[in-house]
Amino acid sequence: MFITLEPPTKDMKTEAASASLYHSVGWGKDDPRIQILSIDKLLQDAEVKMPPQHGTFKSAQLVQKGEPEVQQTSLGFYEESVEQL
């Protein structure tokens, strides 16, 4: 994203358009690779077109009722330190 004090020129817009689009696999949408926004447009609430910065992580599997829970194995560190006291 380029931020300018003046409105972008025709050549700037052409160059940005020639950069193609970025495809976000996680969100299934395309956004411009290069965006040029003037300060004036930003102050008028122009938005940067980009994928959200959160929410693309996979969720953990849900544990079904009746499945045995995995038991944690003690490594003995705590027990040894308590015995030394």
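So which pairs qualify, if the first residue must be in the stretch 37-52 and assigned to a loop (DSSP other than H, G, I, E, B), the second must be modelled with pLDDT of 85 or more and loosely packed, with under 12 Cβ neighbours inside 10 Å, the Cβ gap must be under 6 Å, and the two must be at least 6 apart or on different chains? Nothing qualifies.
Listed by first and then second residue, the pairs with beta-carbon distance under 7 Å, at least 6 apart or on different chains, first residue in the stretch 3-32 and closer than 23 Å to Asp45 by Cα, second β-branched (Val, Ile, Thr), are Ile3/Ile39; Thr4/Ile36; Leu5/Ile39; Pro8/Ile36; Met12/Ile36; Lys13/Ile36; Ala16/Ile34; Ala16/Ile36.
The set of residues in the stretch 16-32 being assigned to a loop (DSSP other than H, G, I, E, B) and surrounded by 13 or more Cβ atoms within 10 Å (Cβ to Cβ) consists of Trp27 alone.
Please verify whether Glu47 is farther than 30 Å from Ala16 by Cα and either modelled with pLDDT of 75 or more or more than 27 Å from the chain's Cα centre (by Cα) (or both), treating the condition exactly as stated.
Considered against the rule, which asks whether it is farther than 30 Å from Ala16 by Cα and either modelled with pLDDT of 75 or more or more than 27 Å from the chain's Cα centre (by Cα) (or both), Glu47 comes out as no.
The values are calculated or read from the model by the stated rules, or taken from the named source; none is laboratory data. Since the model is a prediction, treat every value here as computed from it, not as a measurement. With ideal geometry, Cβ positions are generated from the backbone for all residues, glycine too; neighbour counts draw on all protein chains shown.
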